[in-house]
Each structure stands twice: as structure tokens, then as C-alpha cells.
Amino acid sequence: MLNVLFSAQPDRWDEYRAPLQDAFSTRGLDVDLRRDHAPETVDYIVFAPNGPVTDFRPYTQTKAIMSLWAGVETVVDNETLTQPLCRMVDHSLTDGMVEWVTGHALRHHLGMDAHILQQDGVWRNTIYPPVAAQRPVTILGIGALGAACGQALHNLGFPVTGWSRSPKSVPNIRSLHGADRLKQALTDAQIVILLLPQTPQTENILNAETLALMAKGAFVINPGRGPLIDDNALLVALDSGQVEHATLDVFRVEPLPPDHPYWAHPQVTVTPHIASSTRPETASQVIADNILRGEAGQPFLYVVDRHLGY
Ligand code: NAP
């Protein structure tokens, strides 16, 4: 019998309890899933940063922490955490992100706002969008989410450049890596999508200098993390026309305070950190599969590199 502790916001328990139990039992895992095991008896923790567990020291027998979140910046520096931390990689989470990114990219590419918001009786039939092949897209971060978004955008015809820390070979994406290739990745990009994790190396990666590299009138789409962007630099770039529009899902402070300039800015679309969320049915299977691996003596999947911070 394995003891699995569920440590996420209380309202998630009802959503996850049955899918997790189903996923364990269909894999033949004998699991006592609860929210209140004695810490020293816990084998695995299903974890979200806003749940009750913040001190991992009493969990002396715990073999791994299974994060429900893809982004782990709020837990990766927790000094009490000595157990392996596995982040969430789930095909439904990825599908949701692909749909959100593609939808917002197409909104900007097609200039949809002009027709949705400005029905003023004037027949403007001389302004039409270029085809996707003429609209270079750059994705900063081509991991689980960024690579999938890149494939979808490629399939629509966009030339896609991806940028990562280490060398990558992603089909149909021009892959660049390392800090010294960031300039090349951003130069002349018309749509820039941020799918990097939040680490000391990625903070403010979009700043006055890097925003200036993009094509004039570029679109910025950020479903990654708020601190990836220097907010003041973005506001200046929006006001100058260097950036035509920013669609932002994540912010340094969430919820975004009501008086933040982003809310009222006509060239900013705020979405409330809903780009994609972990889905209980599929995420439970990912967690059960990973526990099965651990119990079979195989290495866990999606283990966070504590040194790199993601
Ligand atoms: P991932 O698989 O770990 O991919 C991260 C990518 O960023 C990798 O390509 C990585 O490079 C690259 N990277 C990291 N540090 C870098 C650096 N210093 N320089 C250049 N590239 C760097 O993560 P993921 O699952 O795709 O998720 C990405 C982020 O999306 C998460 O961390 C989270 O913040 C965010 N997210 C947001 C939502 C939402 O609803 N808004 C939902 C889920 C996730 P390598 O490939 O070389 O490692």
C-alpha cells in the first residue's frame, strides 16, 4: 500500500480525487490517497504551491513530489525540499496552450479587432493581412509547450523560430539556443511568444533592448510568466508603436491589481492566467504513470533541475 498525500487548494480535492483513484487502480497501484497522512508515512505528494504543505522536512520517506503545475518557480527554491520534484507535462495542458496561443496569434495576424470592434459602416476592403508565410514568429522557450505551439503555427504556414537554453532539434522550427543567439531569434520577429520558465536567467528577458530588436509593430504574447517582461519597457514600446499589441496572461502580481496600467491600455489584452490549466483526468494518469515508474525502479519523468530552476 502506498500513501499518497494530496496537497493542493481544498477545492481541487473534489476534482482530483476520483480521477487519481481511477488512474492508480487501472495501473494496479494499491494507494491510500488522502489529504491528511502522517508526514513520515507519505510515499508521494501530489502538490500545488497554493496547498498546505510548505515544509517538506517531515516527509522523510517521500520518494517524489508530483507537481500539478508546469511552472515550479515558487517551490524550486524551497530549502526544505530535498526529494525529487516532478513538474506537470500533460497533453491536455499542452493542447490548451496550443489553442490559446494559436487563437491569439491569429487574432493579431488577421487583424480581427478591426472588424470585430469597429463596425462603423465603412467598407475598408483595401486592408488585408499578409499570408502567414510572411509573418515570422519567434517562440522563446521551446520545451513541452513552446515546441507544440511552434508545430501548430508552422502547420498554419508561419515561419517559426524557437529559442532555448540548450541545442534543440524540433521539426519545422528554426532552433537557436543560448544567450548569444537571443538577438538573432528576436530580430525582425513580428509575433513573439514567451513560453520560458521564470528563473533568474529569464527575468526581464523582454526589455527595452530586446523589444527594440523585433519588427516595428510586433505583437507580444506572454503565457509564460509575468517577470519575463520588463513592464515599464513594454509600456514604452507600446506607446511608441514598436509593439502594436501585447496579450498577457501572466503578471508579476496576480491577480493583476485593478489600477495597473495594463488593464486600461488600449493596446494590451489582459487574460487572467487562464491560457491553459492542468486537467484532472489526464494529469492523474501522468502522475500515476510516474509513480508506477518510481515503484518499478525506473527514473521519474519530468524531474526539475533544481540548479537550473525548471
Ligand atoms: P519546459 O518544457 O521546461 O520548457 C522550457 C523551455 O524554456 C525550454 O525550451 C528551455 O530550454 C527554455 N529555457 C529555460 N531557461 C532558458 C534560458 N535561460 N535561456 C533560453 N531558454 C531557456 O516548460 P513548459 O512545460 O514548456 O512550460 C513553460 C512555462 O509555461 C512554464 O514554466 C510556466 O511558467 C508556463 N505555463 C503557463 C501556463 C498558463 O496558463 N499561463 C500554463 C502552463 C505553463 P531547454 O529546452 O534547453 O531546457
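The values are calculated or read from the model by the stated rules, or taken from the named source; none is laboratory data. Since this is a predicted model, take the numbers as computed values, not measurements. Cβ atoms come from the backbone with ideal geometry, glycine included; neighbour counts cover every protein chain shown. Surface areas here come from the heavy atoms of the whole protein model, side chains and all, with no ligands, DNA or RNA. Shrake-Rupley method; radii C 1.70, N 1.55, O 1.52, S 1.80 Å.
Key figures
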| quantity | calculated |
| --- | --- |
| Residues of region 260-292 that turn out to be among the hydrophobic types (A, V, I, L, M, F, W, C), surrounded by fewer than 21 Cβ atoms within 10 Å (Cβ to Cβ) and touching a residue at least 12 places away in the same chain (Cβ under 8 Å), as a count | 4 |
| Residue within region 125-142 that is open to solvent by 90 Å² or more (accessible area, probe 1.4 Å) and of a type in the set (A, V, I, L, M, F, W, C) present | yes |
| Matching option when the condition is open to solvent by 40 Å² or more (accessible area, probe 1.4 Å), of a type outside the set (Ser, Thr, Tyr) and within 16 Å of the ligand (Cβ to nearest atom), among ASP95, ASP55, ASP113 | ASP95 |
| Boolean, LEU182 is under 28 Å from PRO129 (Cα atoms) and assigned to a helix (DSSP H, G or I) | yes |
| Which listed residue, of THR102, THR74, THR60, is modelled with pLDDT of 95 or more and either at positive phi or not in a loop (DSSP other than H, G, I, E, B) (or both) | THR102 |
| Selection status of ASN172, within 13 Å of the ligand (Cβ to nearest atom) and either crowded, with 17+ Cβ neighbours inside 10 Å or not small (Gly, Ala, Ser) (or both) | no |
| Odd one out for ALA133, checked against (1) more than 21 Å from SER276 (Cα to Cα); (2) modelled with pLDDT of 95 or more; (3) part of a loop (DSSP other than H, G, I, E, B) | (3) |
| Residue, nearest to the ligand (Cβ to nearest atom), within region 58-92, restricted to residues that are in contact with a helix residue (DSSP H, G or I) (Cβ under 9 Å, 6 or more places away or on another chain) and over 22 Å from LEU2 (Cβ atoms) | ALA70 |
| Answer residue from region 296-310, given it is surrounded by fewer than 15 Cβ atoms within 10 Å (Cβ to Cβ) and in contact (Cβ under 8 Å) with a residue 60 or more places away in the chain and is farthest from GLN83 (Cα to Cα) among those | LEU308 |
| Selected residue (criterion: surrounded by the fewest Cβ atoms within 10 Å (Cβ to Cβ)) from residues of region 4-35 that are charged (D, E, K, R) and in contact with a Phe, Trp or Tyr (Cβ under 9 Å, 6 or more places away or on another chain) | ASP30 |
| Lone unmet requirement of (1) open to solvent by less than 20 Å² (accessible area, probe 1.4 Å); (2) of a type outside the set (S, T, N, Q); (3) in the same structural domain as GLY157 (by TED's automatic domain parsing) for VAL72 | (3) |
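Here is a yes/no grid of residues against (1) under 17 Å from the mean Cα position of the chain (by Cα); (2) of a type in the set (Val, Ile, Thr); (3) not in a strand (DSSP E or B):
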{"position": "VAL253", "(1), (2), (3)": "yes, yes, yes"}
{"position": "TYR262", "(1), (2), (3)": "no, no, yes"}
{"position": "THR269", "(1), (2), (3)": "no, yes, no"}
{"position": "HIS273", "(1), (2), (3)": "yes, no, yes"}
{"position": "GLU281", "(1), (2), (3)": "no, no, yes"}
{"position": "GLN285", "(1), (2), (3)": "no, no, yes"}
{"position": "ASN290", "(1), (2), (3)": "no, no, yes"}
{"position": "LEU301", "(1), (2), (3)": "no, no, yes"}
{"position": "ARG306", "(1), (2), (3)": "no, no, yes"}
